[in-house]
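The values are calculated or read from the model by the stated rules, or taken from the named source; none is laboratory data. A quick note: this is a predicted structure, and the numbers were derived from the prediction, not measured. Cβ placement follows ideal geometry from the backbone for every residue including glycine, while neighbour counts extend to all protein chains displayed. Note: areas computed on protein heavy atoms with side chains; ligands, DNA, RNA excluded. Shrake-Rupley method; radii C 1.70, N 1.55, O 1.52, S 1.80 Å.
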There are 2 protein chains.
Amino acid sequence: MTRTLTAKGAATRQRIVDAAAQLIRTAGAAGTSLDDVRAATATSKSQLFHYFPDGRADLLLAVAEHEAAQVLAVQRPWLDDLTTRESWRQWRDAVLRHYVELGDRCPLGVLTAELGKSSPETRAVVGELYDTWEAELARGTQAMGVERPLEVARAILVAIQGGVVMLRATGRVSYLETGLDAGLAPLLR
Amino acid sequence: MTRTLTAKGAATRQRIVDAAAQLIRTAGAAGTSLDDVRAATATSKSQLFHYFPDGRADLLLAVAEHEAAQVLAVQRPWLDDLTTRESWRQWRDAVLRHYVELGDRCPLGVLTAELGKSSPETRAVVGELYDTWEAELARGTQAMGVERPLEVARAILVAIQGGVVMLRATGRVSYLETGLDAGLAPLLR
DNA sequence: CCTGATTTGGACCAGGCCGTCCAGCGAGGG
DNA sequence: CCCTCGCTGGACGGCCTGGTCCAAATCAGG
């Protein structure tokens, strides 16, 4: 199944995924064609199908995995050590800063809004992202000794998701801020 | 600007909007073509462009307005009288029941996830929906005499949005339930 | 340097899509 | 009764899209 890739090939493949992710963040998955990707990466049609044999679906899946990893990566290192109020506050600020900066061109929004529904495989990727993310948050809420730590962690995740997707749909930041703070209230009170 | 429509014409137009909304709920806006709509309504191409002169964009806007109205309609009459714990609870149950029933074929999810980004006009529709919805909720939180009623109302809205969109992306209901309850906690505590 | 596999270029195709166009149909008002 | 104006049918064109295919270039390694 796994095909042999030289270093050069792997680099090209990575370049394609990066560019595709970038395009999809701004124009959406539906608004991004293979030709757009081809033009943005200065590659040829055959290369796309060489590195992604199943074509578009394959590329979208790779982008979904890339973006899912990205979502968790930008929360490091804060996500690893949510044991004090101060560390939670720093994490909150980092998350908020990140999404305000990105605006409506946001990997998480794309994942939740578009890629999740595009195929069973991408749906699984999104599900896994939620699971690991929630587990990390739950470790933090448990460490804080709050009541119903699992529910609190999940509610925080839902608030971020809602805020991000509303940011995407309206361009307004306040939803994310208010939702996130409400979700964190049990921890900081 | 406003074109004359006979009763028959208005009915046909409505039939097209209804069917298009239905299709888009299940297949998404990107996955629904004008031909699909045509087939589902047993109409002809010329009718689509007769009732929606700007074509696809025009139809999507009409669908967005239709769905936005729908989102508020299913919350009636509970939404009008959120003055007691009991009425909030009934509203909560109605909302939850509705979205669990719809699963991932949900007007709100489509609006937030896809239609919001499709054009400035639809984006405005979504923004207005959020505004009026939030205002209704805020009337309720104020009536309940809770602290920071505006923030609480907004957080509830964000939680619903997040829960619905995660339901859409994963098929899991628990996010909506947990998020909604967390948002309502300040009111029911 | 030779050889086989990997990487690349780009022409090509079939199908689907949006939108245009024109010609009939039907209803309702004068 | 008829005549106008809205309603309907469906063929058609041009464009873009995902996907196939083959041949040339490049590279790795013996």
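Per-structure values
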item	result
Set A:173, A:165: member being open to solvent by 10 Å² or more (accessible area, probe 1.4 Å) and within 22 Å of residue B:115 (Cβ to Cβ)	A:173
Filter result (away from chain B (no Cβ under 14 Å), open to solvent by 30 Å² or more (accessible area, probe 1.4 Å), within 11 Å of DNA strand D (Cβ to nearest atom) and not hydroxyl-bearing (Ser, Thr, Tyr)) within the stretch A:24-52	A:34, A:35, A:36, A:38, A:39, A:45, A:47, A:49, A:50
Tabulated pairs, the stretch A:3-27, first outside the structural domain of residue A:105 (by TED's automatic domain parsing) and acidic (Asp, Glu), second more than 11 Å from DNA strand D (Cβ to nearest atom) and open to solvent by less than 80 Å² (accessible area, probe 1.4 Å), C-beta under 8 angstrom, 6+ apart or interchain	A:18/A:66
Flag if residue B:56 is without any contact (Cβ under 8 Å) to a residue 24 or more places away in the chain and either within 30 Å of residue A:30 (Cβ to Cβ) or basic (Lys, Arg) (or both)	yes
Some residue of the stretch B:141-154 being facing chain A (nearest Cβ under 8 Å), under 21 Å from the mean Cα position of the chain (by Cα) and under 18 Å from residue B:91 (Cβ atoms)	yes
Any chance residue B:57 is within 15 Å of DNA strand D (Cβ to nearest atom), within 14 Å of chain A (Cβ to nearest Cβ) and open to solvent by 60 Å² or more (accessible area, probe 1.4 Å)	no
Selected residue (criterion: nearest to DNA strand C (Cβ to nearest atom)) from residues of the stretch B:1-41 that are outside any helix (DSSP H, G or I) and among the hydroxyl-bearing types (Ser, Thr, Tyr)	B:33
Criterion violated by residue A:172 - all others in (1) part of a helix (DSSP H, G or I); (2) facing chain B (nearest Cβ under 9 Å); (3) under 20 Å from the mean Cα position of the chain (by Cα) satisfied	(1)
Single condition residue A:179 does not satisfy, out of (1) open to solvent by 30 Å² or more (accessible area, probe 1.4 Å); (2) at the interface with another protein chain (Cβ under 7 Å from one of its Cβ atoms); (3) over 14 Å from the mean Cα position of the chain (by Cα)	(1)
